Amino acid sequence: MITIGFMVGKSSYLPHAKVLVESIRKHGGWMSKAKILIMTPEFREMVFTVDGAEQVSYGMPESMRNLPFADKMYAASHFESLAPDSYLWMDVDSIVLKDPISLKIQEPLGIRPVDKKNIGLLAEQELDQFWKGLYQYFDLEENRDTENEGKPQNTVITTVSQEKIRSYYNVGLVLVQEKRALFQHTVEAMEELLLQPSMQNLLRQDMLHRIFFHQAVFSCMVQKLYNTKERNLLGRTVNFPMHFLKVHPDKLPFEAIETIRYDTLFENDAEADELLSSYTRGRSGQLRMEWYYESM
């Protein structure tokens, strides 16, 4: 049986955790009886109970605590080590709406591309300083297709902006069928990369790169550990970015969507709030997102 995990970084995310666990147990279908681990950082000293899940604390270097989303990567790394077999890592702001049959895959890894390009690179773009540093660290080839105008082969289509970019994946839902210490290697790489003065300077100067550094390193590690045939980009009905519902190019009927991330949805979208009311059960006001990372 698959093991499911996610992180609660601060106690303000406990309502999110309860909604997610309830949705898995009630609507998770084939994975509704999975073991669920809620990962919490030791330095927060949180103790709580969520019916249907187990709280597990994990450690991380003090020097990494203010790097955006580094806590999530350390949480995933420890969770990964506890999962006896296949596992599903999710963001806490996720909800399972119906039996996620799209997650029943054969490939070793199931992931989704990022929603928007952000710090990613269009397929035809040359590597910039940031990505060149990552590609060199990971010893990744650019994999250019000499028979197709020299364009990179290792590309994906962003789910919302529909741009063809170099491989760049969302960490909000990661399904691992064949364990290769993906998250452990990711946090190790993050630590080593942050020892480089050039990377330190780049992240200090640019907030967007600082926010998405973890996801870029993860994406490179995916390329390093799993070849393109081993990656299933999953269906558009899972990890659906509900906060982009009004601008999403896939005009899916709500009934077709299997799992969502809601991010800032409940701050300004009454219509979507109503759609999810049977899952949130009057708690949407508690499901806002809190930014708690300080400057590096």
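A few remarks follow.
- Residues being closer than 22 Å to S278 by Cα and among the polar types (S, T, N, Q) - total across the range 14-57: 2
- Check on M39, of a type in the set (A, V, I, L, M, F, W, C), closer than 18 Å to Y293 by Cα, surrounded by fewer than 19 Cβ atoms within 10 Å (Cβ to Cβ) and free of Cβ contacts under 8 Å to residues at least 60 places away in the same chain: no
- Output for the range 1-48, where each listed residue is touching a helix residue (DSSP H, G or I) at 6+ places or on another chain (Cβ under 6 Å), closer than 22 Å to A70 by Cα and in a loop (DSSP other than H, G, I, E, B): V8, G9, M46
- Listed by first and then second residue, the pairs with beta-carbon distance under 6 Å, at least 6 apart or on different chains, first residue in the range 197-224 and charged (D, E, K, R) and surrounded by fewer than 23 Cβ atoms within 10 Å (Cβ to Cβ), second assigned to a helix (DSSP H, G or I) and at pLDDT 95 or above, are R210/L203; K224/F138.
- Filtered residue count, the range 96-113, keeping only those that are buried (at least 18 other Cβ atoms within 10 Å of the Cβ) and in contact with a strand residue (DSSP E or B) (Cβ under 6 Å, 6 or more places away or on another chain): 8
- Any hit, the range 49-63, residues being assigned to a helix (DSSP H, G or I), hydrophobic (A, V, I, L, M, F, W, C) and surrounded by 16 or more Cβ atoms within 10 Å (Cβ to Cβ): no
- Restricting the range 70-99 to residues that are out of contact with any Phe, Trp or Tyr (no Cβ under 8 Å at 6 or more places or on another chain) and assigned to a loop (DSSP other than H, G, I, E, B), the residue that is nearest to L20 (Cα to Cα): K98
- Residue that is surrounded by the most Cβ atoms within 10 Å (Cβ to Cβ) [pool: residues in the range 74-95 that are in contact (Cβ under 8 Å) with a residue 40 or more places away in the chain and over 14 Å from V176 (Cβ atoms)]: A75
- Neighbours by Cβ (under 6 Å, 6+ apart or cross-chain): first from the range 246-257, under 15 Å from E271 (Cα atoms); second at pLDDT below 90 and surrounded by 13 or more Cβ atoms within 10 Å (Cβ to Cβ): F254/L275
- Every residue from the range 226-262 that is surrounded by fewer than 17 Cβ atoms within 10 Å (Cβ to Cβ) and either touching a His at 6+ places or on another chain (Cβ under 9 Å) or aromatic (F, W, Y) (or both): F254
- Hits in the range 107-132 - residues which are β-branched (V, I, T) and in a loop (DSSP other than H, G, I, E, B): V114, I119
- Test: residue in the range 114-136 that is closer than 18 Å to R236 by Cβ, surrounded by 20 or more Cβ atoms within 10 Å (Cβ to Cβ) and either among the β-branched types (V, I, T) or in contact with a His (Cβ under 8 Å, 6 or more places away or on another chain) (or both): yes
- Count of the range 54-70 residues, restricted to those that are more than 10 Å from H214 (Cα to Cα) and either within 19 Å of the chain's Cα centre (by Cα) or of a type outside the set (D, E) (or both), is 11.
- Boolean, S12 is surrounded by fewer than 19 Cβ atoms within 10 Å (Cβ to Cβ), in contact (Cβ under 8 Å) with a residue 60 or more places away in the chain and closer than 21 Å to S284 by Cα: yes
- Top-ranked residue of the range 151-202 - restricted to ones that are assigned to a loop (DSSP other than H, G, I, E, B) and among the hydroxyl-bearing types (S, T, Y), ranked as nearest to G235 (Cα to Cα): T159
- Evaluation of E126 against (1) out of contact with any Pro (no Cβ under 7 Å at 6 or more places or on another chain); (2) touching a residue at least 24 places away in the same chain (Cβ under 8 Å) (one fails), failing number: (2)
The values are calculated or read from the model by the stated rules, or taken from the named source; none is laboratory data. What you see is a predicted model; the values in this text were computed from it and never measured. Reconstructed Cβ throughout: ideal geometry from the backbone, glycine too, with neighbour counts over all protein chains shown.
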